[in-house]
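Derivation of every value follows stated rules applied to the coordinates shown; laboratory data play no part. Nothing here was measured: the structure is a model prediction, and the numbers come from that model. Cβ placement follows ideal geometry from the backbone for every residue including glycine, while neighbour counts extend to all protein chains displayed.
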Amino acid sequence: MKTKILILLVLSLLNLNAADKADWATWAGPTADFKSTETKWKPKGLAKGAKILWRKNVGQGYSQAQIKGDRLLIQGNKNNTNTVYCLNPVSGKVLWTYKYPCKNPKQFSGSALSPVFFNGKVYVAGRDSQVICLNEKTGKEIWKKQLSKDLKVKIGMFGFVCNLKTIGKDKLLLNTGNTGVLLDAKSGKIIWGGAGKTFYGTATTYTRGGKDYYVKWGANKVHAMSVKTGKEVWSYPWKTQHDLNSAEPLVIGTKVFISSGYNHGCALLETKGNKVKLLWENKNMRSHFAMPVLVDGFLYGVDGQANSNASFVCLDLKTGKKVWSQKIGFGGFMLAGDHFVFCGEKGKLIIFERNSKKYVEISSAQTALKKQCWGTPLLCRGLLYARDNDGAFICVDLRK
């Protein structure tokens, strides 16, 4: 009997570990680079159309869904009120909701920040600079902050548009103000942070020499900061129209890849201490929103603006040269195993190979999504989730 109990315990722990690896609980996924190791799904599953398992109207927004076990988070805005939905990922059943007033910016209305799971709690932010902590099981509010008041942060014309990054065991990081802001996740207490304008794009964290750092966008530069102190380590000038740099910097060892839209372009930087050296710069990838994905020395990403006939491109990281380019329009994407999952801004889902030689499409299907599908689609446990800014949120069945 004891042996059977031990076997069952081991199996349950193995299953829990497998579930943890399949989760997409925080921004950009478990490895913070929009990559998933998931293989138990059908890349050809769109060949005969998208099989819709369920659909919901969750309000206006661009933010991504996050999944932990049997819970899915998504946020939307209706009539200047944000609603955080906690749903069952398979059935779409509403487990709880949390509403809070959040005034839309004058342009591109809707929620733009994705809720995240962290230490048994849910953290969410609004475009008016509110940051809120909720109980994961019930949705009950634990604490709330208004950064525009607490730090005298000036909100830009597109509102507060930077996703929450979890740091270590109990910290939250946001790219706002001149330095960013670090919060204690348990209490909401501001550890450090200063006044200034809100900037766009989520910070990228990394560790070097046993110390934690992050790279973030400023109005006219990209710069690295110390997580411990919030002080700048290095900076590199990078001026873009409207001060709008949105795609997260990609840290690769001592190198940093940056890319911006508005016909600016991309560059690879080499960093050492407080010094930065430009390795190359060109216009081969002009990322408006989406962070590029790096695999085996090749960069994959969108080249072009929203509301345009943009291309998906593959670049050689070492040289910056374009290997291939395919016009599939603007949209968001992630990598699942050896395949990219792409949602075009007009609702077309496309699955194509991760291939450093050429573009190879596997399957595609037009969905009922229509307007400004700018968020990142999510594939988790064989189910594909996507949304548009009109409020439509769908679950497509790609399970084997």
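What to note about this one:
- Rg over Rh for region 105-242 works out to 0.96, using Cα positions for both radii and the Kirkwood form for Rh.
- Directionally averaged shadow of region 17-86, computed from the convex hull of its alpha-carbon atoms, nm²: 6.1
- Choice from 28, 368, 185 with maximal GNM fluctuation in the chain (Cα, 10 Å cutoff): 368
- Averaged over residues, the count of other Cβ atoms within 10 Å places the peptides 310-321, 355-366, 377-388 in the sequence 377-388, 310-321, 355-366, highest first.
- Amide H contacts for residue 354 (H built 1.01 Å from N in the peptide plane; partners 5 or more residues away or on another chain; cut-off under 5 Å): 339, 340.
- Taking amide H positions as modeled 1.01 Å from N, with prolines and chain starts lacking one, the residues under 5 Å from residue 53 and 5 or more places away or on another chain are 395, 396, 397.
- Our coupling estimate for region 207-223, obtained by passing each phi through the Karplus curve with A = 6.51, B = -1.76, C = 1.60 and θ = phi - 60°, is 10, 9, x, x, 10, 9, 9, 8, 10, 9, 8, x, 5, 9, 6, 10, 8 Hz, Gly and Pro reported as x.
- Gain on full stretching of the segment that runs from residue 275 to residue 93 - 0.36 nm per residue minus C-alpha separation: 60.3 nm
- For the pair residue 78 and residue 149, the difference between a 0.36 nm per residue extended length and the Cα-Cα distance amounts to 23.2 nm.
- Entry for region 311-400 at q = 0.12, 0.25 Å⁻¹: log10 I(q)/I(0) = -0.37, -1.28, Debye formula applied to identical alpha-carbon scatterers, no solvent contribution.
- Gyration tensor over alpha-carbon atoms, region 46-126, equivalent ellipsoid semi-axes in Å: 22, 17, 11
- Along each principal axis, Cα extent of the chain, largest first, Å: 61, 52, 50
- Counted over the chain, the DSSP beta bridges are approximately 95% antiparallel.
- Region 255-264 - phi-based ³J(HN,Hα) in whole Hz, Karplus 6.51/-1.76/1.60, Gly and Pro as x: 9, 9, 9, 10, 8, 9, x, 6, 6, 6
- Binned Cα-Cα distances of region 205-297, short to long, each 5 Å bin given as a whole percent: 3, 14, 26, 27, 19, 9, 3, 0
- Förster radius 56 Å - calculated FRET efficiency between residue 48 and residue 170, Cβ distance, rounded to 0.05: 0.75
- Residues in region 279-310 reached by a label modelled at residue 241 [backbone nitrogen below 15 Å; 7 Å Cα→Cβ]: 286-289, 304-310
- In region 296-400, Cα pairs under 8 Å separated by at least six residues give a relative contact order of 18 percent.
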